Amino acid sequence: MSYPPASARASAVEPFFVMQILARARELEAAGRDIVHMEIGEPDFVTPEPVLRAARAAIDAGKTHYTPATGLPELREAIAGYYATRFGVQVAPGQVVVTPGSSGALQLVLAALVDPGDGVLLSDPGYPCNRHLIRLAGGEAIALPVGLEEGFQPTASQVEAALGPRARVLLVASPANPTGTLIGPARLGSLLEAVRRHRGALVADEIYQGLVYGDSPGTALALGGDDVLVVNSFSKFFGMTGWRVGWVVAPHDLVPVLDRLAQNLFLAAPTVSQHAALAAFAPETLAILEQRRQVFRERRNYLAGALSALGFEVAARPDGAFYLYADCTRFTEDSFALSEALLEEAGVAVTPGRDFGRHGAQRYLRFAYTTSLDRLREGMMRIAGFLGGAGA
Ligand SMILES: Cc1ncc(COP(=O)(O)O)c(C=O)c1O
């Protein structure tokens with residue numbers, strides 16, 4: 001080897017196990033097998049037409065140069081306006097920083113808040129990239145094990161016990177990936193109180209906020225205070241995963257820091273995508289997104305019932321996102337092996353729990369309802385056949 005080995009930090013970043021499943025699914029498909037995909041974490045719908053039109057117009061008008069690092073001023077205003085009209089929360093456009101997806105937003109926020117050796121609290125199971133981003137920022141991920149009993153979200157007492165002088169940031173997601181569970185306003189309030197007692201910060205990832213099926217969605221920004229940061233994205237609810245646009249809402253004082261980091265890390269989010277995103281809040285687009293939300297709700301209801309009928313135990317109140325986290329201990333002690341067997345024998349691809357952490361991971365599978373009801377039904381029939389059950 002003529003170059004130095006990869007850094008220790010980089011080497012510690014793990015791949016997603018689901019990528020192995022996906023690669024094997026593609027191989028099987030290439031060999032002529034039909035696979036039902038329930039592993040994919042993005043909407044099956046294409047980006048709404050008004051957004052596509054806005055992108056075409058931006059290209060035709062030659063809008064191909066960099067924007068300011070904090071984003072197009074019109075888009076920052078539109079995002080602030082969305083908080084006012086949809087949630088009744090006042091956010092100044094100057095508090096909004098547009099980023100390359102919420103992935104870019106999480107990188108900025110963690111780089112801004114974490115010093116080497118600092119701990120960041122996060123739930124296990126949870127979105128796997130977070131612990132790697134924390135480590136790349138020099139910090140340490142402090143996992144809070146959560147299960148059915150905790151509604152798969154951290155409790156105030158867990159947070160209180162884990163916070164300390166070198167661990168003052170709590171990162172939560174509501175709705176969460178992989179469980180779809182929410183943090184209600186009272187619980188969020190108690191988490192923030194614990195964080196405040198330690199003069200820390202709450203970072204709320206609200207990327208699945210638009211995809212809530214029970215109560216109307218809320219935002220952590222409603223709690224107020226300059227210790228609350230919100231990360232969001234056009235990826236999931238707005239159906240724009242491939243465009244790479246998201247945002248952070250941060251306290252005023254932190255914005256110059258985020259600005260400098262953005263200038264250095266990526267200069268700006270993609271320009272055409274930012275112009276496209278301006279159309280995401282148009283009434284015409286929101287009407288399309290609302291129809292899609294109803295479709296996701298119908299799929300969730302079907303899938304939750306079908307999985308329960310098959311003998312899986314579905315996570316407490318999966319009220320949002322497009323995932324169900326199902327306990328499969330009735331069938332196996334090794335959900336990774338089960339995910340492989342489901343693919344090979346039943347032609348159904350799902351994500352094993354071990355992609356989302358360590359706590360109870362071998363008991364769970366994540367089912368994404370990012371495919372049509374017909375395909376979900378087909379998937380359930382195949383799983384029923386594989387398990388020797390009565391069918392769904
Ligand atoms: C909880 C959560 N946060 C952040 C992301 C990153 O999404 P994006 O960078 O497309 O906005 C994802 C993607 O799956 C996610 O599930």
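For GLY225, the conditions (1) open to solvent by less than 20 Å² (accessible area, probe 1.4 Å); (2) away from the ligand (no atom under 16 Å from the Cβ) all hold with the exception of (1). The single condition from (1) closer than 25 Å to VAL172 by Cβ; (2) among the charged types (D, E, K, R); (3) touching a residue at least 40 places away in the same chain (Cβ under 8 Å) that ARG363 fails is (3).
Those helices (runs of 4 or more DSSP H) of segment 278-392 in which at least 2 residues are charged (D, E, K, R), considering only elements entirely within it, cover 283-310, 373-387. Count of segment 138-155 residues, restricted to those that are open to solvent by 30 Å² or more (accessible area, probe 1.4 Å) and among the small types (Gly, Ala, Ser), is 2.
The residue of segment 313-327 that is surrounded by the most Cβ atoms within 10 Å (Cβ to Cβ), among those that are away from the ligand (no atom under 16 Å from the Cβ) and at pLDDT 95 or above, is ALA326. Kindly establish whether ASN301 is under 30 Å from THR329 (Cα atoms), surrounded by fewer than 20 Cβ atoms within 10 Å (Cβ to Cβ) and out of contact with any Asp or Glu (no Cβ under 6 Å at 6 or more places or on another chain). In short, yes. Right, THR85: among the hydroxyl-bearing types (Ser, Thr, Tyr), more than 30 Å from MET381 (Cβ to Cβ), part of a helix (DSSP H, G or I) and over 21 Å from the mean Cα position of the chain (by Cα) or not? For THR85, the condition - among the hydroxyl-bearing types (Ser, Thr, Tyr), more than 30 Å from MET381 (Cβ to Cβ), part of a helix (DSSP H, G or I) and over 21 Å from the mean Cα position of the chain (by Cα) - is met. Tell me, please, whether a residue that is more than 20 Å from THR285 (Cα to Cα), surrounded by fewer than 24 Cβ atoms within 10 Å (Cβ to Cβ) and touching a residue at least 60 places away in the same chain (Cβ under 8 Å) can be found in segment 194-213. Scanning segment 194-213 turns up no residue that is more than 20 Å from THR285 (Cα to Cα), surrounded by fewer than 24 Cβ atoms within 10 Å (Cβ to Cβ) and touching a residue at least 60 places away in the same chain (Cβ under 8 Å). Scanning segment 1-21 for residues that are of a type in the set (A, V, I, L, M, F, W, C), surrounded by fewer than 10 Cβ atoms within 10 Å (Cβ to Cβ) and assigned to a helix (DSSP H, G or I) turns up just one, ALA8. Out of GLY126, GLY101, GLY119, one residue alone is within 14 Å of the ligand (Cβ to nearest atom), in contact with a Lys or Arg (Cβ under 7 Å, 6 or more places away or on another chain), at pLDDT 95 or above and of a type outside the set (Val, Ile, Thr). It is GLY101.
Scanning segment 22-47 for residues that are under 20 Å from the mean Cα position of the chain (by Cα) and either surrounded by 14 or more Cβ atoms within 10 Å (Cβ to Cβ) or closer than 30 Å to GLY138 by Cβ (or both) yields LEU22, HIS37, MET38, GLU39, ILE40, GLY41, GLU42, PRO43, ASP44, PHE45, THR47. When the residues of segment 104-137 are filtered to those that are touching a helix residue (DSSP H, G or I) at 6+ places or on another chain (Cβ under 7 Å) and among the small types (Gly, Ala, Ser), the one that is surrounded by the most Cβ atoms within 10 Å (Cβ to Cβ) is GLY126.
For beta carbons closer than 8 Å, sequence separation of 6+ or different chains, a first residue in segment 121-133 that is free of Cβ contacts under 8 Å to residues at least 40 places away in the same chain and a second that is part of a helix (DSSP H, G or I) and within 9 Å of the ligand (Cβ to nearest atom), the qualifying pairs are CYS129/SER103; CYS129/LEU106; LEU133/LEU106.
The values are calculated or read from the model by the stated rules, or taken from the named source; none is laboratory data. As the structure is a computational prediction, the values presented were derived from the model and not from experiment. Note: ideal-geometry Cβ built from the backbone for every residue, glycine included; neighbour counts use all protein chains shown. We work out accessible area using only protein heavy atoms, side chains counted, and drop any ligands, DNA or RNA first. Shrake-Rupley method; radii C 1.70, N 1.55, O 1.52, S 1.80 Å.
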